[in-house]
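The values are calculated or read from the model by the stated rules, or taken from the named source; none is laboratory data. Predicted, not measured: the structure shown is a model, and the values here were computed from it. When we count neighbours, we look across all protein chains shown, and the Cβ atoms used for this are built from the backbone with ideal geometry, even at glycine.
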Ligand SMILES: Cc1cc2nc3c(=O)[nH]c(=O)nc-3n(C[C@H](O)[C@H](O)[C@H](O)COP(=O)(O)OP(=O)(O)OC[C@H]3O[C@@H](n4cnc5c(N)ncnc54)[C@H](O)[C@@H]3O)c2cc1C
Ligand SMILES: Nc1ncnc2c1ncn2[C@@H]1O[C@H](COP(=O)(O)O)[C@@H](O)[C@H]1O
């Protein structure tokens, strides 16, 4: 693929220069020059009033007609279906309306047949079940091997998984085995009504740039979907689907061994939390996280933190929200004494409702907050706690 | 023990600035830095070498200016650096990027451990590490937060999942992707800076590595970015000042409205 400039048409208006999101156009001797940063996103082509930029594609089309079906990877942990699995099912059912292809879940684990029935009860049309002791605990290699084998066997059109740690750990290996593309951490998935292609929308650059990605010439089209982007699929009156127990020829001796699992104290899944209360540098000291924890316990929230608080050693890293920590999307995010540096915002700005307490009225956190309270957290939170307790008793 | 680290140069800020007067995207002065997670990868490689000896190599695929990121890695104490740069590599998605990196790594055998960052600041897919492992046919583990020991051809490490830690044993050679908790990266020493300044950094193009050209760059990339835009920051929120008790009352009522109390 080559992006070519027709010099006789270019008037040097520089509109392409302004339109390029990737810094991929240099200005050389009155003409634009495309550099290595080019992502072939076509923005420059769209704005050029003269039609001076053209994309020459040399790709040969492959026959994609043999690929049918909308699949999702049903995530389970410790024999429990994750709620995100029902979200994936919901997204697949939505795509089915445009694509009119069968929706199937793939369930891997040991003694998890009853979870397959739960999927059917929520409107899933088919569940491919591989039930083996080697799949009891998640490990990248055996999970990727089995899913890749099923994909080769049935040739689905679309396969999606959750952008949880599990999904993001093993899905790249599945895509690479098949030799197809994979779009990471999407916030939206839909079928283009005309081309019938899967349009995959995802945030990049810490949420500052949204991109739409497609996979035109390879099958299946694969993506991971961020949790909590859609409602969970509802249960149906009369489940009609069927469970198909699959055998895989592949031997599943994982060369990677799981030696131990340790549930860390106070460690909750921030991605699953409906409410998160986070503390930052404004807490002034590690022991002041007790105040945050007390409030969190009262309202049933998980505890998060800014990088500053983690780097000061006040709270362990798994609680960090932001660019080098977790990306979260709770219904309510309460930021206490957090300035709202761009790196922190990257991890929480898509939360449904953001509340910020900060004594600095110019703190950037207020730019994204739905409710901002300018004041001292050491006064506000104790008042709040007292109020909640009064009303409870 | 030979260790290879893959690093990517990313823009220092993910904030896309718009000039208020000309309404143009401000390009000047956006510095390239080592992707933050990759600093932990570099640090861990140096620590492993300090414990077990061997050689550390850093590679990066990118435009010519990515060389400065490699020099920073040398200044930290990495032994040698190689830049993979070629017009044929441009437009690579993660499948093509990992294929190119793996094709270069094949030229660097033998190695015991490859270390990648968990994900990048810009593309942030976190897919390159696992895909390199596939191309090389070696095992891998993601989100590693600590290395317990390396002995008898095995690497024992701890990784962080959503709500628990796992201890894993991987046979060598293998690949890990690391998270911030694993270490605190050192600053370059004066000697390191001097050495890095003088170091020769070879540039490898498509003809220097194994692998088929049709799997490089945009040609070898199944995914296409077809549309991009800047999301609007919603600013419909209200900011209130007042006495702490008043503010606590507002907060209480909001939480009540949301069904929390
Ligand atoms: C807006 C946008 C969206 C994109 N979305 C996707 C997508 O959904 N799917 C897709 O396949 N591609 C996507 N890409 C392309 C992707 O960003 C590039 O392929 C890039 O080369 C590597 O991906 P990454 O930045 O996500 O790296 P990650 O996979 O997040 O990087 C993980 C680790 O791999 C190593 N690494 C990554 N890149 C390099 C490198 N160039 N040299 C050396 N080591 C490296 C580093 O150790 C790094 O910490 C997108 C690009 C853009 C601009
Ligand atoms: N007692 C306090 N109450 C509310 N906000 C505070 C208090 N002390 C400091 N802050 C804010 O805490 C922020 C520190 O944030 P960070 O560095 O992101 O963790 C700054 O914006 C301060 O204004």
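Here are a few things to note about the model shown:
- Qualifying residues in the stretch B:115-148 (those that are near ligand 1 (Cβ under 9 Å from one of its atoms) and over 12 Å from the mean Cα position of the chain (by Cα)) - the one farthest from the other protein chains (Cβ to nearest Cβ): B:132
- Test: residue in the stretch A:82-92 that is over 15 Å from residue A:225 (Cα atoms) and in the same structural domain as residue A:165 (by TED's automatic domain parsing): no
- Qualifying positions in the stretch A:358-393 - touching a strand residue (DSSP E or B) at 6+ places or on another chain (Cβ under 9 Å) and touching a residue at least 40 places away in the same chain (Cβ under 8 Å): A:358, A:359, A:377, A:381
- Qualifying residue in the stretch A:7-15 (condition: assigned to a helix (DSSP H, G or I) and either more than 16 Å from ligand 1 (Cβ to nearest atom) or over 30 Å from residue A:156 (Cβ atoms) (or both)): yes
- All conditions but one from (1) assigned to a loop (DSSP other than H, G, I, E, B); (2) buried (at least 16 other Cβ atoms within 10 Å of the Cβ) apply to residue A:240; the one that does not is (2).
- Cβ-Cβ distances below 7 Å connect no pair with a first residue in the stretch B:240-257 that is more than 7 Å from chain A (Cβ to nearest Cβ), a second residue that is part of a helix (DSSP H, G or I) and modelled with pLDDT of 95 or more, and a separation of six or more residues or different chains.
- Count of the stretch A:294-310 residues, restricted to those that are in a helix (DSSP H, G or I) and either touching a residue at least 12 places away in the same chain (Cβ under 8 Å) or surrounded by 16 or more Cβ atoms within 10 Å (Cβ to Cβ) (or both), is 9.
- Flag for residue A:294 being more than 12 Å from chain B (Cβ to nearest Cβ), in contact with a helix residue (DSSP H, G or I) (Cβ under 7 Å, 6 or more places away or on another chain) and closer than 28 Å to residue B:226 by Cβ: no
- Matching residues in the stretch A:342-364 - criterion: being near ligand 2 (Cβ under 7 Å from one of its atoms) and in contact with a helix residue (DSSP H, G or I) (Cβ under 8 Å, 6 or more places away or on another chain): A:344, A:357, A:358, A:359
- Restricting attention to the stretch A:225-258, the residues that are touching a strand residue (DSSP E or B) at 6+ places or on another chain (Cβ under 8 Å) and either within 16 Å of ligand 2 (Cβ to nearest atom) or more than 9 Å from every other protein chain (Cβ to nearest Cβ) (or both) add up to 12.
- Highlighted here are the strands (runs of 3 or more DSSP E) found entirely within the stretch B:172-261 that include at least 3 residues which are surrounded by 18 or more Cβ atoms within 10 Å (Cβ to Cβ) and modelled with pLDDT under 95: B:224-229.
- Any hit, the stretch A:271-278, residues being over 30 Å from residue A:90 (Cα atoms), away from ligand 2 (no atom under 14 Å from the Cβ) and not assigned by TED's automatic domain parsing to the domain that holds residue A:87: no
- Test: residue in the stretch B:152-169 that is at the interface with chain A (Cβ under 7 Å from one of its Cβ atoms), surrounded by 19 or more Cβ atoms within 10 Å (Cβ to Cβ) and farther than 30 Å from residue A:137 by Cβ: no
- Residue in the stretch A:85-100 that is assigned to a loop (DSSP other than H, G, I, E, B) and touching a strand residue (DSSP E or B) at 6+ places or on another chain (Cβ under 9 Å) present: no
- Under the condition of being more than 28 Å from residue B:142 (Cα to Cα) and either within 16 Å of ligand 1 (Cβ to nearest atom) or surrounded by fewer than 19 Cβ atoms within 10 Å (Cβ to Cβ) (or both), the residues counted in the stretch A:254-287 number 5.
- Test: residue in the stretch A:125-144 that is within 14 Å of chain B (Cβ to nearest Cβ), surrounded by 20 or more Cβ atoms within 10 Å (Cβ to Cβ) and without any contact (Cβ under 8 Å) to a residue 60 or more places away in the chain: yes
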